[in-house]
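Contents: one structure, followed by commentary.
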Amino acid sequence: MLEALHVSKRYTQGRAYWSKKFLVAALHDVSLKIESCSTLALVGESGAGKSTLGRCLALLEEPDSGEIWFDGKNLLTLQPGDLRTARRRIQFVFQDAAAAINPRFSAFEAIEEPLLIQGGLSRRERREQALDTMERVGLSPGSAHRPMLEFSGGERQRLALARALVLKPRLLILDEALSGLDPETKERLILLLLNLQACFALSYIFITHDLRIAARVADRIAVMQDGAIVESGSAATVLSEPQHTYTRALLDAIPGER
Amino acid sequence: MAYLARRALNGIFLLFGVSLLTFLLVDLAPGEFFDEMRSNPRISAATIAGLRSEYGLDLPLPVKYFRWLRSATKGEGGFSFAYNSPAAPILLRRAQNTLLLTGTATLAAWLIAIPFGVWAAAKPGRWPDALAAGAIATLLAIPELILALLLLLLAVRSSFFPVGGAVSLNFAQMNVWSRLGDSTRHLFLPALCLLAGLLPMLLSHVRSAMKEALDSPFITAARAHGIPFQRLLFRHALAAAANPLISLFGFSLGILLSSSLVVEGIFAWPGLGQLLIEAILQRDFYLVVDSVVLATVFLICGNFLADLLLYTADPRIRTE
């Protein structure tokens, strides 16, 4: 469904006109593929380039070179109008849900907004769809008009999920979306995500530094180090027979295992 | 509601404080209205003493203050020695003119600063941004006094703009349209001068507040959801940038009132500022106090208006 080919991205350091420019390679010739209704976990340490890759795939950032194919179209060469349509099919969930939603919005406004942009829906249809999505992520529609700030951390992440899901995307990129939540909330959200995957035929790209979560949700795992994918394969293979030394080091670093 | 009541109460206390302090300071300043008469050999000391007691200047300060307070609550605000009339009617006429001038300048400054600032912030590093930065630096670099004098020179040379006053001498004989034209022509240069003083501050605040708002994570997130830039700019970023700007609105009134002191003086605009300077020079005791208190009232009203706007604009203040 989504395939990235030879994606590279460099950041420039030294912004002033007179200063010397340094190019920092964030992604180096990365290729990956994800099938529909499956989950790919991108693991690696901080600074490995996981988030940059995720942001490139969500078109939040433009890669310097490479191709990103989605449903038979290269996203990097699309016209702006087609691009916006494609963008609705790929949604992004941020780590910090509190910062990712406009704090002035009520829960309902936050979820309804993407529908408003899509257009072609009556007020009632929008309302129904938004409330329906709220229920699906386990939020009571009764709290729809409470301001965003009154929700707890776990509820906000559900809210962010609802905001991403309301446009019926095919692929969800979750960038450390479960980090910073307590274990119980994390577990409930994992169950919710697995449940939603079955309901909506969703694909997930799970960006995480936590191999235990990767093991819990992923069909395939890709391990990143220094802006490149060093090992990838089915979750079972990667976890039981790690090939690369870095993967082995990551596995050894899990507390309470082995 | 409690929030607004608290703010209003604050304002009233502030007003008391300012009036008391002004009273003390004006009283401490050397000299008084009748000093000039003392140097006149034809007026006897007894006459002056009689005048002083007639106007209540010989009373102790607390008594003077309470008499003024009583008169202020009745809407008179004491007595002007120089005009030989109750202070309130003089003040009101002047206050109208000042409000007209500062109101026009404020309105125009905001109407320019908001769209221009948003535009500059939306295109960082491109020419609208550079234009805004250039305009801010240029306007900041020109002292208001020099600008006022230059504009005055323009008025003298062009003869299209009048060199002073709020209306022409034959204003009473004009019909509605020529009255409007006449007022506008009188208003234009002083308002332009105030505008030039205020604009760089507003523009740079709008621009930086918008830039900061556009950098916030929820804007990136909204962009990821495919929300168009126009909506991001006006529905999300401008709303997020509104808080500091609304607070700035309250401040800008204060700055405007003090800079209108200079501008009114140069353009001979019959407003509060000019009245205040005259009153200080003549030691017209109550008129000085009244002008300062009235300016404070404007300031407090402006800030109260800003609070009211903030209250309606930000759900977070309401839930506090």
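Below is a table of values for the structure above.
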| quantity | calculated |
| --- | --- |
| Spans of strands (runs of 3 or more DSSP E) in the stretch A:198-258 with at least 3 residues among the aliphatic types (A, V, I, L, M) | A:220-225, A:228-234 |
| Leading residue by the ranking (modelled with the highest pLDDT) among those in the stretch A:146-169 that are within 11 Å of chain B (Cβ to nearest Cβ) and surrounded by fewer than 17 Cβ atoms within 10 Å (Cβ to Cβ) | A:Arg146 |
| Residue list for the stretch A:70-128, filter: of a type in the set (Ser, Thr, Tyr) and over 18 Å from B:Ala240 (Cα atoms) | A:Thr77, A:Thr85, A:Ser122 |
| Output for the stretch A:104-152, where each listed residue is in contact (Cβ under 8 Å) with a residue 12 or more places away in the chain and of a type in the set (Ser, Thr, Tyr) | A:Ser106, A:Thr133, A:Ser143 |
| Elements of type strands (runs of 3 or more DSSP E) in the stretch A:1-112, at least 3 residues being within 11 Å of another protein chain (Cβ to nearest Cβ) | A:90-93 |
| Selection from the stretch A:193-237 of residues that are small (Gly, Ala, Ser), farther than 20 Å from A:Ala249 by Cβ and either under 17 Å from the mean Cα position of the chain (by Cα) or surrounded by 21 or more Cβ atoms within 10 Å (Cβ to Cβ) (or both) | A:Ala201, A:Ser203 |
| Members of the stretch A:61-105 found to be more than 21 Å from A:Ala177 (Cα to Cα), touching a strand residue (DSSP E or B) at 6+ places or on another chain (Cβ under 9 Å) and surrounded by 16 or more Cβ atoms within 10 Å (Cβ to Cβ), listed by number | A:Pro63, A:Gly66, A:Ile68, A:Phe70, A:Leu75, A:Leu76, A:Ala86, A:Arg104 |
| A:Glu187, sole failed condition from (1) crowded, with 20+ Cβ neighbours inside 10 Å; (2) of a type outside the set (Lys, Arg); (3) away from chain B (no Cβ under 14 Å); (4) out of contact with any Asp or Glu (no Cβ under 9 Å at 6 or more places or on another chain) | (1) |
| Segments classed as helices (runs of 4 or more DSSP H), wholly inside the stretch B:211-320, with at least 2 members that are closer than 28 Å to B:Phe81 by Cα and away from chain A (no Cβ under 11 Å) | B:238-266, B:272-282, B:285-313 |
| Qualifying residue in the stretch B:223-234 (condition: closer than 30 Å to B:Leu294 by Cα and touching a residue at least 60 places away in the same chain (Cβ under 8 Å)) | no |
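The values are calculated or read from the model by the stated rules, or taken from the named source; none is laboratory data. Treat the numbers as computed from the prediction; the structure is a model and nothing was measured. Because the Cβ atoms are built from the backbone with ideal geometry, glycine has one as well, and the counts that use them run over all protein chains shown.
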